[in-house]
Amino acid sequence: MSMDIDSDAPISIAPSQAVNGTAATIFCCDCGAPIDGTTAIDAKCYDCFKLTKDISQGIQREATLHFCRDCDRWLQPPASWINAQPESRELLALCLKKLSLNRTRIIDASFIWTEPHSRRVRVKLVIQAAVADDRVMQQALEVVYVVAYQQCPECAKSYTANVWRASVQVRQKVLHKRTFLFLEQLILKHGAHRETINIKEAKDGIDFFFSARNQAEKFVDFLNSVVPVRVKKSQELISQDVHTSKKSYKFTFSVELIPICKDDLVALPIPLAKQIGNISPLVICYRIGTSVNVLDPNTLQTGDISAPVYWRTPFASLADAPELVEFIVMDCEPVGPTKGKWVLGELQLARASDLGVNDKTYFARTHLGGLLHAGDSVMGYMLTGTNFNNPQLEAIEESHTYSSRIPDVVVVKKHYPNRRRNRKRQWKVRRMAKDEGELLPKKADQDRMDRDFEQFLQDIEEDEEFRQGVQLYKQPAKQKQQPDEMSMATSDDDGDDDLPQVDMNELLDDFDELTMEDK
């Protein structure tokens with residue numbers, strides 16, 4: 001297509017069209033576009049003015065963000081540390097606070113993608129500023145933030161000795177650690193140990209160290225909500241400024257657990273037994289929650305003993321789990337009364353060690369009448385021929401009401417003698433990373449701890465209600481055998497169909513064990 005231009009034709013320099021509804025009076029001094037001279041700035045159109053005017057002057061294009069690699073927190077000046085995920089609103093707000101805007105206003109802000117290992121955070125900004133009385137200008141710019149590593153004070157304290165400000169000393173005066181193992185799983189499930197700077201093994205318990213007093217008080221409140229405890233508080237003066245009267249203290253919370261554990265035989269004080277529902281004083285502890293739950297196996301009557309009631313008149317258990325004796329069920333007949341999963345039954349028992357030696361049998365009532373059959377094995381406490389140094393039991397024997405109700409054997413639970421000790425489980429539990437201190441456990445103590453942990457794993461398999469408070473994880477498919485790993489084993493479960501099993505649907509995926517090769 002061609003166009004004929006008449007070079008002799010006159011050209012008018014007067015504005016002949018309207019600009020934005022107003023008459024154009026002048027031309028732009030740079031591009032020659034017709035503009036309204038009454039509103040133009042420096043006799044330039046808006047596009048040319050943007051090329052010569054920079055409203056982002058004074059706004060730095062580079063800044064530094066400080067990041068703690070131990071706790072994944074960012075420094076918010078002057079001294080606070082916050083949690084912020086990559087490309088989150090919290091991190092964007094932290095980036096914008098680093099800028100001095102100089103009479104400009106931020107209209108929009110967004111992240112520009114960068115490589116995660118580049119240690120750079122790029123942010124695109126759209127700012128707005130007034131360039132005349134009634135004219136506003138917008139401009140886009142990019143700011144690059146350099147991520148610098150810096151250790152926060154809390155993490156620095158965790159790597160330095162004797163910098164804690166509060167400690168929680170959890171103690172239970174028993175010979176085994178089964179209650180502590182359950183408490184450890186509750187702490188891991190709820191994440192109550194996240195604010196600790198150190199966890200140390202101690203005699204009869206564990207010490208938890210915190211960098212602040214409120215963190216320790218929060219942990220003590222958690223313990224009060226899951227187990228029956230008694231708390232005592234003390235404080236020690238570290239330093240004092242005589243000029244400003246400022247004092248620095250170290251706080252210690254002593255938390256004592258009730259010395260009664262699951263499956264213990266308990267002789268209650270007779271007034272306390274009447275107070276909690278006129279239950280028989282000779283009971284077994286079937287659960288430890290916020291209170292001690294006891295059961296009378298002769299009548300299926302239950303009772304709850306709260307921590308304040310217990311510490312008013314404390315008492316010890318009559319016999320604990322290591323004193324259990326194996327019995328063989330010769331005959332089992334359900335009587336009829338039921339309560340939940342329990343069925344009252346009458347048993348004829350023979351001690352496993354007496355088979356082939358004598359024909360002595362014992363009569364007992366049990367709450368496991370719907371679970372036991374002739375030939376099964378049970379674990380119970382042998383009261384006949386056993387001497388106990390217990391004032392509560394002596395009071396029961398002297399009582400006209402309860403002395404005739406003392407049974408020969410108290411059956412606690414069903415036993416599986418064919419269970420292989422070192423069998424491979426399809427699940428595992430997590431353990432807390434604890435500092436064992438300067439003194440390592442002796443071989444005898446280590447063997448006892450291994451037995452307690454194996455018994456704890458068996459309780460998880462056998463008791464579904466007990467399993468609700470524990471998080472179970474799937475065992476990795478490909479993993480080398482580790483002889484010192486207590487939750488692992490060396491044989492399979494083939495042929496153990498009668499044993500209680502953990503449903504695979506209850507297991508969680510252990511994401512800490514995943515690698516780049518896992519699919």
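Some notes on this structure:
- Here the contact order of segment 188-339, divided by its residue count and restricted to Cα pairs under 8 Å and six or more residues apart, works out to 17 percent.
- Computed extension length for residue 326-residue 71: 86.8 nm, one decimal, from 0.36 nm per residue of separation with the Cα-Cα distance subtracted.
- Compared with the alpha-carbon gap, the fully stretched path from residue 117 to residue 464 is longer by 120.3 nm at 0.36 nm per residue.
- Mean Cβ count within 10 Å, highest first, over the residues of peptides 173-184, 309-320: 173-184, 309-320
- Compared with the direct C-alpha span, the chain from residue 387 to residue 301 gains 28.3 nm at full extension, assuming 0.36 nm per residue.
- Applying 1/(1 + (r/R0)^6) with R0 = 35 Å to the Cβ-Cβ distance of residue 96 and residue 51 gives a FRET efficiency near 0.85.
- Computed over segment 130-243, Cα set: Rg, Dmax in Å: 23.6, 84
- Modelled FRET efficiency - R0 25 Å, residue 338 with residue 408, Cβ distances, 0.05 increments: 0.55
- With the simple spin-label model, which puts each label point 7 Å out from Cα in the Cβ direction, the residue 274 to residue 159 separation comes to 6.5 nm.
- Cα-derived Rg to Rh of segment 288-368, Kirkwood definition: 1.07
- Between residue 204 and residue 239, the distance separating the two model label sites (each 7 Å from Cα on the Cα→Cβ line) works out to 3.5 nm.
FYI, it's all coordinate maths here, none of it is from the lab. The structure displayed is predicted, hence computed values, not measured ones. Cβ coordinates were reconstructed from backbone atoms using ideal geometry, including for glycine residues, and neighbour counts include every protein chain displayed.
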